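Heads up, the thing below is written out as structure tokens.
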Amino acid sequence: MKSSVTVSGGGIIGNYIASRLANNNIESLVVEKSDGNNNQTENIRTLTLNSYSKKLLDDIGIKIPCAEIKTIKVFEGEGSGKIDFRAEEIDEDNLSYVVFFNELQNLLQQKVLEKTLFRSEIKKITKKDSEEISEVYISNDKTIETKFIAGCDGRNSNVAKLAEYTEMTGDYNQTAITFTASCCLEDKHAAYQIFSDKGIFAIMPLPSNIGDSTHTVVWSVDNEKLDNQNIEQYVNEYMSYFEGKLSSEIKVNSSILSFKLFNHHFKNYVSGSTVLIGDAAHSIHPLAGQGINLGFADADAFCEEIINGFEKSINIDQRLVLKRYEVRRKNMNLLMLKSMDFFVNLFNSNNLYLKLLRNIGLSRVNKTQFLKKFFISHASGKNKI
Ligand SMILES: Cc1cc2nc3c(=O)[nH]c(=O)nc-3n(C[C@H](O)[C@H](O)[C@H](O)COP(=O)(O)OP(=O)(O)OC[C@H]3O[C@@H](n4cnc5c(N)ncnc54)[C@H](O)[C@@H]3O)c2cc1C
């Protein structure tokens, strides 16, 4: 088999890349480990797309039901600090869009079904000759001759292992708990986020086809708080605290999923003909809902460089294309990762001075238009991340 780009991992980012390249007449093949059957899993996990990610999807013809977020209300559970972000402050209609993970994954998968080799995995990568062609050996005794190998295979990237990238990791010592719940919040287009010693609790509306009262919850809790009880017990015990803060009953109406939270980042994103993109290259705390948006920003930069490269010459300069991608994305992602670590530590601390600082800080930023606009424009995707 031959293909200009071989994508390892048919997740949201890998499938987006294959679809966008196909629209520009660039051949790719997707090597996906799973059998591709996402229909059996309950619709629980959600993603928050910023307007830039949404536009990238619109451009390749993906229309997905979404809940529009026009306001984000953040407050300190124990103190008086609070901040609101409103779309109108940056002259936009919406700040972000909540979609179901499975629905987006299915729509993108459909687009690239014929290019996907399911139940497959890359076993070995060798250089073929001086023309920058690699041979990719995959699990079912097939070989692909390819120019670029895009590692979009998530947190434990196989491509990163095969090409021996150097990884930096950190443990947030937290678990993200997520489920859907019915409740009655006053603002139908608001996302609420509460920072407290019971965890960071975010609740957002779901696409309207699910019903107005159903919301998604993403709740990050310190692992040590979960040591002596199971997750269901923890949710039952502390939900009333957030019900009080939000003045509404919150009733869990799905299974409860949980994920251990780590961050990771690679020293380089490029090695030979391989490149790391999306969660394969980096992962961050879900606190600001930016994980998938960083992945889309990576995918956009990678596709742009590949498309520009092929437009200039059929003998695309592999090293230049990949280096340009790395330069565009690495520092931006690292900045986001470090900022998220700073926020997690700040809001996790029981130090009295830090508690005071975050209370004053939230309220001050709330009153400072210039700083607010800066934060909102970046988080909403109005300014590229
Ligand atoms: C609880 C939680 C809530 C989150 N909420 C948000 C949110 O609100 N907003 C947001 O932006 N982000 C959120 N994220 C992060 C977001 O889910 C990820 O950033 C995103 O899914 C990454 O997409 P990806 O395609 O890069 O990787 P993945 O989704 O990990 O996809 C990787 C793909 O590669 C395949 N694969 C794995 N290994 C191999 C292999 N060896 N060979 C071939 N294929 C392989 C997998 O089967 C999968 O299909 C959240 C994460 C968590 C844990």
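The values are calculated or read from the model by the stated rules, or taken from the named source; none is laboratory data. Since the model is a prediction, treat every value here as computed from it, not as a measurement. Heads up, the Cβs are rebuilt from the backbone with ideal geometry, glycines too, and the neighbour counts pull from every protein chain shown. Accessible surface areas use protein heavy atoms only, side chains included; no ligands, DNA or RNA. Shrake-Rupley method; radii C 1.70, N 1.55, O 1.52, S 1.80 Å.
Below is a table of values for the structure above.
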read-out: Alpha-carbon gyration tensor eigenvalues x 5, square-rooted, for segment 16-143, Å; value: 39, 18, 16
read-out: Alpha-carbon centroids, segment 201-233 and segment 110-149: separation in whole Å; value: 39
read-out: Long-range HN-HN contacts of ASN263 with modeled amide H, under 5 Å; value: GLY170, ASP171, TYR172
read-out: Over segment 215-282: Rg over Rh, Cα atoms, Kirkwood Rh; value: 1.18
read-out: Between segment 240-260 and segment 290-315, the alpha-carbon center distance in angstrom; value: 39
read-out: Protein accessible area in segment 160-265, 1.4 Å probe - carbon and sulfur %; value: 45
read-out: Cα-based convex hull volume of segment 38-95 per residue, rounded to whole Å³; value: 116
read-out: Per-selection Rg to Rh, segment 110-268 - Cα, Kirkwood hydrodynamic radius; value: 1.13
read-out: Sparse-neighbourhood loop sites, trypsin sites (Lys or Arg not before Pro) in segment 71-149 - DSSP loop, at most 15 other Cβ within 10 angstrom; value: ARG119, LYS128
read-out: Stokes-Einstein D (µm²/s) once Rh is taken as the Kirkwood radius of the chain over alpha-carbon pairs, at 10 °C in 1.306 mPa s; value: 73
read-out: Rounded percent of accessible protein surface that carbon and sulfur make up, segment 44-150, 1.4 Å probe; value: 45
read-out: Contact order normalised by residue count of segment 1-119, Cα under 8 Å, 6+ apart, percent; value: 36
read-out: Check: segment 98-231 dipole with +1 on Lys, Arg Cβ and -1 on Asp, Glu Cβ, in debye; value: 380
read-out: Charge-dipole axis of the chain as Lys and Arg at +1 and Asp and Glu at -1 on Cβ define it, positive-most pick from ASN236, ALA87, ASN43; value: ALA87
read-out: Percentage relative contact order, segment 201-280, counting C-alpha pairs under 8 Å, at least six apart; value: 15
read-out: Accessible surface, the chain, averaged per residue in Å² (probe 1.4 Å); value: 47
read-out: Spin-label zone in segment 171-197 - amide nitrogen under 12 Å from a point set 7 Å from the Cα of PHE343 along the C-beta vector; value: 193-195
read-out: Gain upon complete extension [THR143, GLU88; 0.36 nm per residue less C-alpha separation]; value: 14.6 nm
read-out: Efficiency of FRET between SER182 and ASN25 - r from beta-carbon atoms, R0 41 angstrom, step 0.05; value: 0.30
read-out: Added length on full extension, which subtracts the Cα-Cα distance from 0.36 nm per residue, ASN236 to ASN223; value: 3.0 nm
read-out: Cα coordinate range in segment 268-309, projected on the principal axes (Å, largest first); value: 36, 20, 10
read-out: Net charge of neighbours whose Cβ lies under 11 Å from the Cβ of ARG155, counting Lys and Arg as +1 and Asp and Glu as -1; value: -2
read-out: Accessible area (Å², 1.4 Å probe, nearest 10) - ARG155; value: 70
read-out: The chain: DSSP helices with Cα axial extent of at least 18 Å and average Kyte-Doolittle hydropathy no lower than 0.0; value: 291-312, 352-367
read-out: Rh by Kirkwood over Cα pairs, then Stokes-Einstein D for segment 188-303 at 1.306 mPa s and 10 °C, µm²/s; value: 95
read-out: Largest-first ellipsoid semi-axes for segment 161-251, taking √(5λ) over the Cα gyration tensor eigenvalues, angstrom; value: 29, 19, 11
